[in-house]
Each structure stands twice: as C-alpha cells, then as structure tokens.
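**Q** Here's a structure for you.
Values in this text are rule-based calculations from the coordinates and carry no lab data. Since we're looking at a predicted model, the values are computed, not measured. Every residue, glycine among them, receives a Cβ derived from its backbone with ideal geometry; neighbour counts consider all protein chains shown.
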Amino acid sequence: MESLRNLPLLDQLKDQSISTLVQTSLIALIGVLLLVKLVQRLRLNLPPGPLPLPIVGNWLQFKEGLNPRNLAELANKYGDVCMLQMGQRKVLVISSPEMAKEVLQTQGVEFGSRARNLVFDMTTGKGSDMVFADYGEHWRKMRRIATIPFFTNKVVQQSRRGWEEEVDLALNDIKEMPGSTTSGVMVNFRLQLMMYNIVYRMMFSRKFSGLHDPLYVKLMTLNLENNRLAQSFKYNYGDYVPSLKPFLKGYLKEVWETNQRRLSFLRDEFLNERKRQTGEKIGVDFFLEAAAKGEISETNVLYLIQNMNVAAIETTLWSSEWGIAELINNPQIQDKIRNELDRVLGKGVPVTEPDIANLPYLQAMVKEILRMHMVIPMLVPHMNLQATKLGKYDIPAGCRVLVNAWGIANNPKYWEKPEVFNPDRFLKEKIEPTGNDFRFIPFGSGRRSCPGSLIALPILGIVLGRIMQRFELLPPPGVDKVDLRSVGGQLSLVLASKPRVVLKPRQI
C-alpha cells in the first residue's frame, strides 16, 4: 500500500527527469551547432560578419528585411565584404566599387547566376524568365531574344516618336486635371498609364484608352497584387528557415494563384490576340518566332512579357516620381534645366530623344536621380553556383550576393556631400551609368547588367525635360517641400508618399 501511495511522486520525478533530459539535449544541440559554425569558420576563411545564432542566424537582427541603409551600416562595422547567416542561407554583402567590379565583371561568370527566393521561384517559374534565370544557355537565349526587339539603338529611333506622343498626351491630361494649377494633383497615376502605353505599343502595337479602360484596370490590379506579394518581407522566415515553410501555406497559395491569373490574362488578352493579327512585325513577334522555332516555350514568352512589365515600366515610372519630387524641392535646378532647354532648343521647341545628347545639364539631373534614388538599390541578387574565392575570402556555393549599389553611390568616401541633390557633380566629372564606373551602377554591370537602360534614360530625359518646358513645379499650398522618405521591398526603393504637385504653366 505504501508503494502505491508513492506512485505520484515517482511519476513527478520521472517527468522532471524527462524535462531535464530534453533541456540538456537542446543545450547540447545548440552547442554542437555553434561548434560546427566555429569549425567551419576556422576551416574556411569566410568574410567577417555579426555572430549568427543557431537555426535563425542573423535573421532576428534584420527581421524588417535587408535594405541598403542597414547594409551600409553593416559595411561600416565589418568592411566592404561581409557575410550574414540568414537562417540557413548565407548572404554576401558587397559595399565598395572595387569589390563590386570583382563580383560583377572580373568574376562575372562565377557570380553570374541569380539568387531567387521561394516566392520569386513561383513568379518566375524557377527562373524561366530572363531576369532571374541562372547563368547559362537558357539565360543567353532569353537575353538575345529580348534584346533585338527592345534594347537596340535602332529600336530607340523607331520608337521615340511614339514615346514623345504619349508624353505629350499625358501632360495635356495632367494640365486639365481639376486643381492642377491651384491645390495640386497626383500625377503618378497618369504617368503610369503613359509608361504602360509606351511599352505596350512597343510590345503589342496596342494602347489603353485611359485610366478607366477595363483592360488596363484588370492588368494594373493583377500587377499590383503580384508586386505586393513578391515584395513583402512577410515570407522571409519561410525562405530563410525552410522547415518553417509549412506555416506559409496560405500565403504561397495566394502567390501561386495570383501569378497564374496574371499569366492567363496576358495569354488570353494579349498574346493570343496578337497571334490572330497580321501586318508589320512588332516586339512580341520576335518572342513568338523564337517559340515557333523551339528555342523557347510559350511559357517563357509570357515570363518575358512579365519582365517587361517591371523592368521597362515600373522602374522608369519610379525614377520619374523621384525626379518630380526632387525638382519640386529644388526650384533652382528647375530654372537651370529650363535655361538650358531654351538656350539650346529655343522656347517652345519640345525636347526629343536626339536632342538629349546636346543637353548636359538635363543628362546630369537624370543621373543624379538615379544616384540618389536608385530604385533597385541592391541590384537583382546574384549567386555563385560553385564555391569560389573573392579576394582573400572563401565563398561557399549558393551564397546570395547583394551588391549595395545605393550604398556605394551615397557613400561620402566616393562622393562629395552625397546627401545633397546636386546634378553639377556630373558636370564636374564624366561619370556614366553604363557599368564602367563602379561608384555608379544603377543598371548593374557586366553580363547581368540591365539592358533596359537604353530606353529608360532617354524616356526619363523626354518626360522630365518636357515637364520643365511646359510647367513650373510647385508644392501644394501650405507645404514648403514634399516628403522624400522612401519605402522598400525585397528589391525596390520607392517614394513612400506620392506628392501632390501644383503645375504652373509657363508663358512661352
């Protein structure tokens, strides 16, 4: 009987023993993981970086996401080449022109692949597009097929009159908006339609009738939803710690379904419609011709169209928004641009693409926008498929490589007063955004540089130049300067609050 009365006590002791065993095992596991990391660091000469925690690594230190500013702070502490352990993923951060050149150009083959995440795998068909394709034969084909109809000087000359026409239509509409000359208007929505019409005319020889065109509304809805899901930092925990991926089941289902709806929409409303047409060869016909030859699939064609939606449209739009905001806050720069345009072209003569070469201050202003407000601030992430060396450091295979191009372009080590918006810096020193000067690489450099610079730069020059010719840009009543705070996503850095603009017509 006595032994029976002691059974609860025995059970309690047993539970305590099990609990102690579990705790001891966890401590031992953590100790083993730390030891493994230490041995790895001793065996390999890895770049410096903050000490990672077991399992989560440095993720909790950067749980709001990696952005150009916190990466610049990281470089100040650990150097121009440093490494983060984000869960199970290693992230290599590059923060100097010298190391950027090494990664993007000198060792461009070794670091030429793309680092995707679990959401970008879905939205690009695991690199079935051009932008996120791994370095190799598929990427070379996609790059060649996309370049011929869109990214050559011949195409620029064939398309520029269409660009200029769309810019004028947009500015005419903006002028007629209620409040444009008094309380101010939001111009970004009309500029967005302008950019879509420019690119969709090049791709499909089609344009949207206005902001309320049902086809445009549907396309914008799908693109905005896809961008919201892909740019979010919410899914990072499942990306960095794959064992947590099941908790993202609902989120990933939404990503998958949204992307499938967008692909179906592009196929049904644009691609199939173009197949039924005849006439002069246009942009997307080059994609379809390559698919007919068996070089790529129709799915690849759809992903190329999606690339154009972001790479050619959204990034140029975001740069235009930054440019308008800076011009509102810097009326003396507006005056300099107008004086140059009036002197070189004559008052009332609209700037065209060939004119831009003779307008150095307008060019300098566009470059300063791209330097100070780089919309893809860490470029599209690179990756090394094989283990390699970078300088004195060992770089394990599969590192996600972030080149902090914004950090380099805003570093006082390389730029005088980088926090000041000052186009004159580009008149004093000849620096082009072509990828040859690694202090200034808004379009990247080397094999994986963005070919879209060939149309983005002249379109920005035409848009901002014609705005300056027709209007004086002012902040809304009661406001001295517009808010220039930024907001970032997985890849982008955009104006957080779109400003209202008062457009005072010039007397010409």
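**Q** Within the range 59-505, what percent of beta bridges assigned by DSSP are antiparallel, to the nearest 5? Could the numbers behind the result be given before it?
**A** Details: 22 of 27 bridges.
Bridges in the range 59-505 that DSSP calls antiparallel: roughly 80 percent.
**Q** Turning to a different aspect of this structure: Over 23 Å between Cα atoms: which of Lys141/Lys430; Lys63/Lys249; Lys141/Lys249; Lys336/Lys481 fall into that group? If you can, show how the numbers build up before the last one.
**A** On the way: Lys141/Lys430 34 Å; Lys63/Lys249 20 Å; Lys141/Lys249 34 Å; Lys336/Lys481 19 Å.
Cα-Cα > 23 Å for Lys141/Lys430; Lys141/Lys249; rest within.
**Q** Measuring from centroid to centroid over Cα atoms, what is the spacing of the range 166-214 and the range 374-419 in Å?
**A** 36
**Q** What distance in nm separates the two pseudo spin-label positions at His212 and Lys141, each 7 Å out from Cα along the beta-carbon direction?
**A** Inter-label distance under the simple model: 4.6 nm.
**Q** Using a 10 Å cut-off around each Cβ, can you sort Leu51, Leu362 from fewest to most neighbouring Cβ atoms? The partial results should precede the final answer.
**A** Working: Leu51 11, Leu362 24.
Final ranking by Cβ density, sparse to dense: Leu51, Leu362.
**Q** To the nearest 20 Debye, how big is the dipole of the range 59-505 about its Cα centre, given +1 on the beta carbon of each Lys and Arg and -1 on that of each Asp and Glu?
**A** Details: 59 positive and 48 negative charges, 131 e Å.
Approximately 640 debye in magnitude.
**Q** Residues with beta-carbon under 14 Å from that of Ser209, excluding Ser209: net charge, scoring Lys, Arg +1 and Asp, Glu -1? Walk me through the numbers on the way to the answer.
**A** Numbers: positive: Arg190, Arg201, Arg206, Lys207, Lys218; negative: Glu166, Asp173, Asp213.
Neighbourhood net charge equals +2.
**Q** A further question follows. Please name whichever of Leu118, Val380, Ser449 sits farthest to the positive end of the charge dipole of the range 59-505, dipole taken about the Cα centre and charges placed at Cβ: Lys and Arg +1, Asp and Glu -1.
**A** Leu118
**Q** List Leu385, Leu427, Leu219 from most exposed to least, where exposure is judged by having the fewest other Cβ atoms within 10 Å. Walk me through the numbers before you get to the answer.
**A** Details: Leu385 16, Leu427 13, Leu219 20.
Starting with the residue having the fewest Cβ neighbours, the order is Leu427, Leu385, Leu219.
**Q** To continue, here is another question. Calculate the FRET efficiency for Glu429 and Thr221 from the Cβ-Cβ distance with a Förster distance of 56 Å, rounded to the nearest 0.05. Don't skip to the answer; put the middle values down first.
**A** Numbers: r = 44 Å, r/R0 = 0.79.
Here the calculated transfer efficiency is 0.80.
**Q** Projected onto the charge dipole of the range 59-505 (+1 at Lys/Arg Cβ, -1 at Asp/Glu Cβ, origin at the Cα centre), which of Ile313, Val366, Val81 gives the Cα projection farthest towards the positive end?
**A** My answer, from the dipole projection, is Val81.
**Q** When the helix-only estimate is applied to the chain (DSSP H runs of n ≥ 4, each -39,500 (n - 2.57), divided by the residue count), what is the mean residue ellipticity at 222 nm, nearest 500 deg cm²/dmol? List each step's numbers first, then the result.
**A** Numbers: 20 runs with 253 residues, N = 508.
That comes out to -15500 deg cm²/dmol.
**Q** Hey, another quick one. Straight distance only, please: which aspartates and glutamates reach the Cα of Lys154 with their own Cα at less than 17 Å, same-chain residues fewer than 8 apart left out?
**A** Here the aspartates and glutamates satisfying the reach criterion relative to Lys154 are Glu164, Glu280, Asp285, Glu353, Asp355.
**Q** Just tell me which aspartates and glutamates come within less than 20 Å, Cα to Cα, of Lys126; anything on the same chain fewer than 8 places away is out.
**A** Glu110, Asp134, Glu137, Glu225, Asp239, Glu254, Glu257, Glu295, Glu298
**Q** Nearest 10 degrees, 0 to 90: what angle lies between the long axis of helix 7-43 and the longest principal axis of the chain (Cα atoms)?
**A** 50
**Q** Roughly speaking, what is the stretch gain from Glu269 to Glu289, that is 0.36 nm per residue apart minus the C-alpha to C-alpha distance, in nm to one decimal? Before the final figure, lay out the partial values.
**A** Numbers: separation 20, 0.36 × 20 = 7.20 nm, distance 1.88 nm.
Full extension of this stretch gives 5.3 nm more.
**Q** Sum up the charges of everything whose Cβ sits under 15 Å from the Cβ of Asn329, counting Lys and Arg as +1 and Asp and Glu as -1, but leave Asn329 out.
**A** Numbers: positive: Lys336, Lys481, Arg485, Lys498, Arg500; negative: Glu321, Glu326, Asp335, Glu368, Glu419, Glu472, Asp480, Asp483.
Local charge sum for Asn329: -3.
**Q** Further question on the same structure: Taking the number of other C-beta atoms within 10 Å as the exposure measure, put Val401, Val502 in order starting with the fewest.
**A** Values: Val401 23, Val502 20.
If I rank by nearby Cβ atoms, fewest first, I get Val502, Val401.
**Q** Name the residue from Gln260, Tyr237, Gly294 whose Cα lies farthest towards the positive end of the charge dipole of the chain, charges +1 on Cβ of Lys and Arg and -1 on Cβ of Asp and Glu.
**A** Farthest along the dipole direction, towards plus: Gly294.
**Q** Hey, with R₀ at 35 Å, roughly what FRET efficiency would Asp134 and Met177 work out to, going by the Cβ-Cβ distance, to 0.05?
**A** Details: r = 46 Å, r/R0 = 1.31.
It comes out at approximately 0.15.
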